[in-house]
1. Please list, in order along the stretch 60-76, the HN-Hα scalar couplings obtained from phi with the Karplus expression 6.51 cos²θ - 1.76 cosθ + 1.60 (θ = phi - 60°), rounded to whole Hz, x for Gly and Pro.
2. Against the empirical 2.2 N^0.38 Å scaling, what ratio does the C-alpha Rg of the stretch 55-140 come to?
3. Normalise the Cα radius of gyration of the stretch 42-88 by 2.2 N^0.38 Å (N = residues in it) and let me know the number.
4. Do any chymotrypsin sites (Phe, Trp or Tyr not before Pro) in the stretch 70-145 lie in a loop, going by DSSP, with at most 12 other beta-carbon atoms within 10 Å of their beta carbon, and if so which?
5. Just add up the charged neighbours of A97: K/R +1, D/E -1, any other residue whose Cβ is under 14 Å from the Cβ of A97.
Amino acid sequence: MTLRRLLIAAVAVVALALVGVWIGRMMQPDTHHSGAGLHALMHDELDLDPAQERSLDVLEREFAAQRQALEARLKADNARLAEAIAAEHEYGPSVSAAVDATHMAMGDLQKATLEHIFAMRAILRADQQAKFDAAVAESLAQAGK
């Protein structure tokens, strides 16, 4: 192989790897969205009693650790997708498996987030739940825009 062909192949591999990373980033959910709004609502607008505050603190600590682990898994799956794209240069079995793994990680993160939202809702009184439900509905509507 000539030096020119080797250089072209190297550039192509790097370009494909960058495309894979870009695809992975586009598929990764934004972790800094409306969740902060829900937590602000919980702490600032729902007038939680001390027992509710303690319960919320526990839920937040537990979910932060879980979210961090799931986001690390998603990041690793995205990296494997980039590697598979660079290795196969087509939608082959490794790329397909990497896409499936990425989708599974995104789904697990979404499920964990919903479980956390319902756990937060469960510590609220009925009057607080109505405000919380409205904020969740608005948050989901905004995320879809």
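Each reported figure results from applying straightforward, stated rules to the coordinates on display, with no laboratory input. Nothing here was measured: the structure is a model prediction, and the numbers come from that model. Using ideal geometry, Cβ is built from the backbone for each residue, glycine included, and neighbour counts are taken over all protein chains shown.
1. 5, 5, 5, 5, 4, 5, 5, 4, 4, 5, 5, 5, 5, 4, 5, 4, 5
2. Numbers: Rg = 17.6 Å, N = 86, 2.2 N^0.38 = 12.0 Å.
My calculation over the Cα atoms of the stretch 55-140 gives 1.48.
3. Numbers: Rg = 18.3 Å, N = 47, 2.2 N^0.38 = 9.5 Å.
This ratio for the stretch 42-88 stands at 1.93.
4. Working: sites: Y91, F118, F132; in loops: Y91.
Counting only loop positions with at most 12 other Cβ atoms within 10 Å, the chymotrypsin sites (Phe, Trp or Tyr not before Pro) in the stretch 70-145 are Y91.
5. Values: positive: R80; negative: D77, E83, E88, E90, D100.
Net local charge, A97 excluded: -4.
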